[in-house]
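**Q** Okay, handing you the structure first.
The values are calculated or read from the model by the stated rules, or taken from the named source; none is laboratory data. Quick caveat, the model's predicted, so the values are computed rather than measured. A quick note on method: Cβ atoms are made from the backbone with ideal geometry, for glycine too, and the neighbour counts reach across all protein chains shown. The area values use the complete protein model at the heavy-atom level, side chains included, leaving out ligands, DNA and RNA. Shrake-Rupley method; radii C 1.70, N 1.55, O 1.52, S 1.80 Å.
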Amino acid sequence: GKGHLRINDKTNKVYFVQFYSYLSRSQTRLEGTYQYAGINFQNFTNYRGNANNKSWYARVDQYLWKRQFHIILSARKNDFSNPLIVQNYSSNTVFKTLSATFRKRYWPTISLGYTPSSQYTVIDRQVYENKYQTLTINLNHLYKFGEATFVTAFTYNRFFNKSNDSAFIYYNANNFYVYQQIMFTGYTAMIGYSRTVNAQYALDIMEAGINMNLFKQNTLGFGTKINRFGNNEVRLGFYVNGRWHVNHLGDINLWYEKGYLPGYQRLLVKNEWLTLGFIRYFKL
């Protein structure tokens, strides 16, 4: 009843089990978790909806060829349900991840992965995030040329989903991204280009920016992005960021960006966001 502690009530309890092991001879790492939370369980560290929650996670890491080749296989399941409301609220999702990475000194780093991904969509000024599966190939290379340090990156994504699955705009699409960064002593410059295309549309984004070192620990950066959706619509976005060190206080970080996202009606919709952060280091 009201005001009484009911030990047998499982709806306000949570169970959590974690497993971890490392096999040094084969260089294999194993880990896993299982969690059950009742519909009335209260967690004061984050937001929780009123629903039963069952989730588990398992992962295997394997190193080969003197730790130059790294394979990761993981699976995660989330199951939410609420039997106490009239509307049917139930979600059962399993994410599977498989990735392989090759690293060798002076060589480009190559990684291949089949992983969950997400897309942001604007509908009536509301931003929605949808999740789905992608195939990803990454190539990154860091090298020096004269006094400058170069970072070259190439990414290919293949999105696996259909238009009738949900409101995905990037359904059954291919994405290419090329990025070049040049780092000098006083500043860093970058340029990038990405193209996402499927049978219905093409989205091209061209970007360029610079980040400068000011005084000792301060930085200031800015850049532009040209968004072209289809063959006609073109929108120009920009971003500004900075970091300022205040003696006896800490570091203040700022990032402001005015960008564009593909809208539900296949038009570019403005998206503005501001991030302000503060970091303080303590010596013990």
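**Q** Please find, within the stretch 211-236, the residue that is surrounded by the fewest Cβ atoms within 10 Å (Cβ to Cβ) out of those that are polar (S, T, N, Q) and modelled with pLDDT under 90.
**A** Only one residue fits best here, namely Asn232.
**Q** Hey, can you tell me all the residues within the stretch 159-182 that are part of a strand (DSSP E or B) and either modelled with pLDDT under 65 or not aliphatic (A, V, I, L, M) (or both)?
**A** Correct list: Phe159, Phe160, Asn174, Asn175, Phe176, Tyr177, Tyr179, Gln180, Gln181.
**Q** Which pairs turn up if I take residues in the stretch 270-284 that are free of Cβ contacts under 8 Å to residues at least 40 places away in the same chain and look for partners that are open to solvent by 90 Å² or more (accessible area, probe 1.4 Å) with beta carbon separation below 8 Å, at least 6 apart in sequence or on another chain?
**A** These pairs meet every condition: Lys270/Arg235.
**Q** Give just the number: which of (1) at pLDDT below 85; (2) assigned to a strand (DSSP E or B) does Arg29 not satisfy?
**A** Unmet for Arg29, out of (1) at pLDDT below 85; (2) assigned to a strand (DSSP E or B): (1).
**Q** Looking at Tyr201, Tyr177, Tyr239, can you tell me which residue is open to solvent by less than 70 Å² (accessible area, probe 1.4 Å), under 30 Å from Gln133 (Cα atoms), touching an Asp or Glu at 6+ places or on another chain (Cβ under 8 Å) and in contact (Cβ under 8 Å) with a residue 24 or more places away in the chain?
**A** Being open to solvent by less than 70 Å² (accessible area, probe 1.4 Å), under 30 Å from Gln133 (Cα atoms), touching an Asp or Glu at 6+ places or on another chain (Cβ under 8 Å) and in contact (Cβ under 8 Å) with a residue 24 or more places away in the chain holds for just one of Tyr201, Tyr177, Tyr239, which is Tyr239.
**Q** Another one. Considering every residue within the stretch 261-277, establish whether at least one is of a type in the set (S, T, N, Q) and within 26 Å of Thr134 (Cα to Cα).
**A** Checking the stretch 261-277: at least one residue is of a type in the set (S, T, N, Q) and within 26 Å of Thr134 (Cα to Cα).
**Q** Look at Phe154 and say whether it is at pLDDT 90 or above, under 19 Å from Arg195 (Cβ atoms) and open to solvent by 70 Å² or more (accessible area, probe 1.4 Å).
**A** Judged against the criteria, Phe154 is a match.
**Q** Here's something else I'd like to know. Specify the residue that is modelled with the highest pLDDT; the eligible residues are those in the stretch 49-68 that are open to solvent by less than 50 Å² (accessible area, probe 1.4 Å) and either of a type in the set (A, V, I, L, M, F, W, C) or farther than 12 Å from Thr101 by Cα (or both). Working first, answer last.
**A** Within the stretch 49-68, the first condition is being open to solvent by less than 50 Å² (accessible area, probe 1.4 Å), and the residues that meet it are 49, 51-53, 55, 57-58, 61-63.
Pick out the ones that are also either of a type in the set (A, V, I, L, M, F, W, C) or farther than 12 Å from Thr101 by Cα (or both) and you get 49, 51-53, 55, 57-58.
Details: Gly49: 51, Ala51: 59, Asn52: 69, Asn53: 74, Ser55: 82, Tyr57: 87, Ala58: 91.
It comes out as Ala58.
**Q** Please list, ordered by first then second residue, the pairs with beta carbon atoms under 6 Å, 6 or more apart or interchain, first in the stretch 12-32 and free of Cβ contacts under 8 Å to residues at least 60 places away in the same chain, second small (Gly, Ala, Ser).
**A** Asn12/Gly38; Lys13/Gly38; Val14/Ala37; Phe19/Gly32; Leu30/Ser21; Gly32/Ala58
**Q** Scanning for something out of contact with any Gly (no Cβ under 9 Å at 6 or more places or on another chain), polar (S, T, N, Q), at pLDDT 65 or above and surrounded by 12 or more Cβ atoms within 10 Å (Cβ to Cβ), does the stretch 82-105 turn up at least one residue?
**A** Among the residues of the stretch 82-105, not one is out of contact with any Gly (no Cβ under 9 Å at 6 or more places or on another chain), polar (S, T, N, Q), at pLDDT 65 or above and surrounded by 12 or more Cβ atoms within 10 Å (Cβ to Cβ), which makes the answer no.
**Q** Applying the selection to the stretch 125-149, what residues are open to solvent by 70 Å² or more (accessible area, probe 1.4 Å), farther than 22 Å from Tyr260 by Cα and modelled with pLDDT under 90?
**A** If the condition is that a residue be open to solvent by 70 Å² or more (accessible area, probe 1.4 Å), farther than 22 Å from Tyr260 by Cα and modelled with pLDDT under 90, then Phe145, Glu147 are the ones that fit.
**Q** Let me ask another. Please go through the stretch 183-198 and pick out each residue that is hydroxyl-bearing (Ser, Thr, Tyr) and either surrounded by 14 or more Cβ atoms within 10 Å (Cβ to Cβ) or part of a strand (DSSP E or B) (or both).
**A** The answer is Tyr187, Thr188, Tyr193, Ser194, Thr196.
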